[in-house]
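Following: one structure in structure tokens, then a few remarks.
What follows is calculated from the coordinates using simple rules that are stated; it is not laboratory data. None of the values given here were measured: they were computed from a predicted structure. Virtual Cβ from ideal backbone geometry, glycine too; neighbours counted across all protein chains shown.
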């Protein structure tokens, strides 16, 4: 456990010493800020329209602002995850520092979990950045915080699953760009797989749509904690880290 | 301290290390010698638990590298060919990180970091980023991380590669200084390095063990016969080399005499004798009794360079046939 913490702190340090973390934070803040402003714009317009028509349609900040916002973040996350994970192992393999980790009295699992936790921590920092926007929402509006919290839990779980996959892919190559590109491709695929359920209802389509990470976020986005979806994310996290461990092991036998 | 038995590493098509066996006792400095691609790095990686062996066993401090890998890793300090440095970290932070990985903590960690910084002469760069350090400093930080947890065994893969002559000397000095407390294996393809730093040599070539012995024994062993260098000067000016040669050749036990160098006033000969015959006394007498001066008489030591070439280039008849068969 101590080793996990040591590795995690070192990784997090590497993110924040280099410009990587700051660029990611800035870009994410910008994009999220734009989405926030956009959703709010629609909300205000909708409010004005319903006033003018005189109909008192119920307005709900949670349903009309927070939910689409969280859905957007869950998609935007797909683009940021490869940037977070691509260097985790690829860089160590390229510079040879992997030899230090592999010959220190540290278990492979500890290294992997440490690195994955550091990636999670950085992603959490990105999410934390959005708190600024939500602070305004809470100041001037009156949203319910519970669905928001569950939405954030969903975002974290989803990121955990994709980060685990990205960590695995990073062990396969020495080249950060390749690791990043493949991770991005896989993330994108895992998103669009869900679309088949729109026109096809055969078993294979249902399986594909089940595999898709985004479909599992829907209930979280609505503020509903569905154990089925939580189990899906936990499984993907476990599998991703498991394959990472196997990959590290095969690295020793092959190299 | 280290015991290797029939250690073998096979890759898909090639055998990198083929049934190597050797022992290293506590406190020794052992030179691991071989041409590039001989299997030095592979052997070291197996000893440090980075690579698992295909067959055979290796134990470090009584622990098996495959079965008790974590115990072995606690007792080993390893400097790979390129020092494993994170360019974005500062020297002191890096050493702290490695120390923690090796199981140090608290006051002890701080003490060890100070100690290795002093020992490896890197105290003046503790705040600098590793990516900004010069090659010599990087190598020394690499050494510092290898000894941070005061390991029983130090494994250094070409510790002086790529350094300038001054840095090479400093590094060798440093390694020699570490010998008392640690058992050291260092690999190199530079022969004087072994002659200067090591007590014991292990020579491998094409994955096979060629020789393992002390530096001195190896030098003696490479020569089947003993050889002596004799410098003779004429009493009054010039000396006739042919006459001296004839005289020396007549001494009993001498098998071959050759003139190495000749100046007007003196000449240097190399005299080979049959093994086990002590001819130096007779040689001296022969020279002096013939009315010449004996300027110098010393046993000729063969440089490790010659031994190495002799050992690694000797092809067995079977190999020769195979390589010829491949060509035709």
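Using alpha-carbon pairs under 8 Å, 6+ residues apart, how would you state the relative contact order of segment A:2-254 in percent?
Working: 284 pairs, mean separation 69.4, N = 253.
About 27 percent, as a whole number.
Suppose we keep just the DSSP beta bridges with both residues in segment B:142-230; what percent of those would be antiparallel, to 5?
Working: 6 of 11 bridges.
About 55 percent, rounded to the nearest 5.
When both bridge partners sit in the protein assembly as shown, DSSP labels roughly 70% of those beta bridges antiparallel.
Distance between the pseudo-spin-label points of residue A:234 and residue A:37 (7 Å out from Cα toward the beta carbon): 4.1 nm. Binning the C-alpha pair distances of segment A:2-254 at 5 Å intervals from 0 yields a P(r) profile of 1, 6, 12, 16, 17, 14, 12, 9, 6, 3, 2, 1, 1, 0, 0 %, listed from the shortest bin outward. By DSSP, the beta bridges lying fully in chain B are antiparallel in about 70 percent of cases. The convex hull around the C-alpha trace of chain B, projected and averaged over every direction, spans 22.9 square nanometres.
Say a paramagnetic label sat at a point 7 Å from the Cα of residue B:250, along Cα to Cβ; which residues of segment B:269-296 have their backbone N under 17 Å from it? Residues passing the 17 Å test: B:282-293.
What whole number of Å gives the distance from the Cα centroid of segment A:174-191 to the Cα centroid of segment A:1-70? Cα centroid to Cα centroid, the span is 24 Å. The stretch between residue A:2 and residue A:60 holds 16.3 nm of extra length on full extension. This uses 0.36 nm per residue minus the Cα-Cα distance.
The angle between the Cα long axis of helix A:67-85 and the main principal axis of chain A comes to about 20°, on a 0 to 90 degree scale. If you run the Gaussian network model on chain B, springs between alpha carbon atoms under 10 Å, then out of B:171, B:43, B:82 the most flexible one is B:82. How would segment B:63-167 be classified by its alpha-carbon gyration tensor: rounded, prolate or oblate, with rounded meaning a/c under 1.5 and the a/b versus b/c comparison settling the rest? Cα axes put segment B:63-167 in the oblate bin.
For chain B, the longest principal axis of the alpha carbon atoms and the long axis of helix B:317-327 meet at an angle near 70°.
Given points 7 Å out from each Cα along the Cα-Cβ axis, report the residue B:229 to residue A:79 separation in nanometres with one decimal. Those two pseudo-labels are separated by 7.5 nm.
Between the helical axis of B:241-250 and the longest alpha-carbon principal axis of chain B there is an angle of about 80 degrees.
Among A:176, A:109, A:49, whose mean-square fluctuation peaks in a Gaussian network model of chain A (Cα, cutoff 10 Å)? Fluctuation is largest for A:49. For segment B:223-299, the Kirkwood estimate of the hydrodynamic radius, built from every pair of different alpha carbons, is 12.1 Å. Taking 17 Å as the cut-off, no amide N atom of segment B:126-160 comes nearer than this to a point 7 Å along the Cα-to-beta-carbon line of residue B:67. The three principal axes of the C-alpha atoms in the protein assembly as shown carry coordinate ranges of 136, 55, 42 Å, sorted with the longest axis first. The calculated FRET efficiency for the pair residue B:135 and residue A:189, based on their C-beta separation and a Förster distance of 56 Å, comes to about 0.80. Remark: spin-label model distance residue B:238-residue A:128 equals 9.4 nm, labels positioned 7 Å along the Cα→Cβ axis.
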